[in-house]
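The values are calculated or read from the model by the stated rules, or taken from the named source; none is laboratory data. These figures come from a predicted structure and were not determined experimentally. Neighbour counts run over all protein chains shown; Cβ positions are idealised from the backbone, glycine included. For accessibility, only protein heavy atoms count, side chains too; no ligands or nucleic acids. Shrake-Rupley method; radii C 1.70, N 1.55, O 1.52, S 1.80 Å.
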Amino acid sequence: MYLNKRMKALCVQSCINSYEDEHKNGVHGRTDWTSFRDGSVEQYAIENCQGYTGVIDDVEHGAIFIIVFRGSDEDADWKNNFDFKKIRRFIEKGKEHTIPYGNKDSNIRMHKGFVELYAKVRSMLRLKAFDAAERGMKIIITGHSLGGALATVGFIDLHYMFCDELEIPVELTGYAAASPAVGNWEFRVSFNIRAEGSFFNEWYGEDTVHKLPPLWLGYFHVAEETRYADLLTNLTTPIFAIIPIAVWDHDPRKLLAAIKGEPIPLADLDTRN
């Protein structure tokens, strides 16, 4: 399923919704649940892997099952984010899995922290995605920041499940917002061949998180890549790219506004607006 600007904005808004606190306040922008079917949203949280699933009744695409991964927050354990070691095997419920699955001779390597974090919710999300596919729904997997990295891992896992293990035709689409890189060059090549234009990797300006892990550690981003920026951002890039203010470009409100073609919000300590 190709994502136009409207659908990309829906993905970013869904990511913003994932940061809603216990008082129903948006922590990284105003939440908007109007696109979701009543009663369909189910939260999940296993250690630091958290987010929700839900069903969107879209006028163009019909019923869409969406998996949303929440990014890191002030309460998160950041050790997963900075566990830059690359692996090809991971453990889920005591069983060893190989990436790509069953291919022990592959040179593909993925970020240890992201893969092991995704493994905590893998079985649960696979069951939910299978149920949605059985009901004829299209599937979108998305997330912001750390959530974008988990969406990248989850996309390739679900793609493998549907196409290789089950051989079930499913319209699976992924959208990573302001995501760090997930794997090495071999992973990028393999991922892009599998995705065939059905995964979107987007960010705003000089987003600091999108630049991690650094290239010199052997990490490469997957396609399709799109950077958004307004004239002010491009003119000030030589300055902002080397000072901490660039972290504001990681705010999902900026990416959402850029996709919609709206004025880009300025840095604001209160990100709920």
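Residues of segment 179-213 with backbone nitrogen within less than 14 Å of a virtual label 7 Å along the Cα-to-Cβ line of Ala223, please, listed as ranges.
188-201
Of Lys5/Lys138; Lys95/Lys211; Lys128/Lys254, which sit over 28 Å apart, Cα to Cα?
Lys95/Lys211; Lys128/Lys254
Got a sec to turn the phi values of segment 17-28 into Karplus ³J(HN,Hα) couplings, 6.51 cos²θ - 1.76 cosθ + 1.60 with θ = phi - 60°, whole Hz, x for Gly and Pro?
4, 5, 8, 4, 8, 5, 9, 6, 9, x, 7, 10
I want to check the label-to-label distance for Val59 and Asp105. Put each point 7 Å from Cα in the C-beta direction and report it in nm to one decimal.
5.3 nm
What do you reckon, how do Ser190, Ser106 stack up by accessible area (1.4 Å probe), largest on top?
Ser190, Ser106
So if I take the centroid of the Cα atoms in segment 129-143 and the same for segment 146-211, what is the distance between those two points in Å?
15 Å
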